[in-house]
1. List, please: which pairs have Cβ atoms under 7 Å, are six or more places apart or on different chains, and start with a residue in segment 108-126 that is under 14 Å from Ser71 (Cβ atoms) and end with one that is of a type in the set (Gly, Ala, Ser) and not in a strand (DSSP E or B)?
2. Which one of the conditions (1) surrounded by 13 or more Cβ atoms within 10 Å (Cβ to Cβ); (2) within 21 Å of Ala24 (Cβ to Cβ); (3) in contact (Cβ under 8 Å) with a residue 40 or more places away in the chain does Trp134 fail to meet, given that it meets all the rest?
3. Mind listing whichever residues of segment 34-62 are open to solvent by 40 Å² or more (accessible area, probe 1.4 Å) and modelled with pLDDT of 90 or more?
4. Could you grab me the full set of residues in segment 29-64 that are more than 19 Å from Thr86 (Cα to Cα), in a loop (DSSP other than H, G, I, E, B) and small (Gly, Ala, Ser)?
5. Need a quick list: strands (runs of 3 or more DSSP E) entirely within segment 79-167 having at least 1 residues that are in contact with a Ser or Thr (Cβ under 9 Å, 6 or more places away or on another chain) and modelled with pLDDT of 95 or more.
Amino acid sequence: MNGETETMTEVAATKKRRNNSLEAEGAEFLVLASLLIEGIQAFKAYTRFPGYDLMAVDPERGTSCRVQVKSRWATDYSRGFPLKSTDCDFVVHVALNRGYSRQRKNGEGGRTAPALYVLPVGVVLPVITATSSWGPKVMLRDIDEVGQYLDAWHLIRAQLAGNGASP
């Protein structure tokens, strides 16, 4: 048993967590670009505001929305993401789909186009679980009809117009 424990400890020590900081920054810029392409004025919060990464604004109405961006690198991820703060109006989850986290026997790389889910925080709050070792977590499978939130930029536009963020 002791030999088994040492082997598991050695494996854990040699297994480093992937540094995804560039991909996470890229996901924020991808969401920012998507907002701008949709005609929604937005800017990046560069000083690490707690709870949000981007601000969408309608200067004519004087309204704004705080947007938190959560991304996952792997194509074969669990379809969940950690969420420690809900001090925002929207959570945009970006499935980057940059490849499989483990090598496939058939050599398939798994790279596909990113998927962006525009989730009002009111939709996310009821499905937050504390089952992750990283803290609170959201699983997309727990969100009713999650497909309706794929590229749902109209929800942010409606919130800025004062029409609420309901689908």
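The values are calculated or read from the model by the stated rules, or taken from the named source; none is laboratory data. Computed from a predicted model, the values in this text were never measured in an experiment. Please note: Cβ atoms are built from the backbone with ideal geometry, for glycine as well, and neighbour counts cover all protein chains shown. Heads up: the accessible areas ignore ligands, DNA and RNA and are worked out on the full protein's heavy atoms, side chains in. Shrake-Rupley method; radii C 1.70, N 1.55, O 1.52, S 1.80 Å.
1. Going by the 7 Å Cβ cut-off, the qualifying pairs are Leu116/Ser34; Val118/Ala152.
2. The one condition Trp134 does not meet is (1).
3. Answer for segment 34-62, where residues must be open to solvent by 40 Å² or more (accessible area, probe 1.4 Å) and modelled with pLDDT of 90 or more: Leu36, Ile37, Glu38, Gly39, Gln41, Phe43, Pro59, Glu60, Arg61, Gly62.
4. Scanning segment 29-64 gives Gly39, Gly62.
5. Here the list reads 90-95, 115-120.
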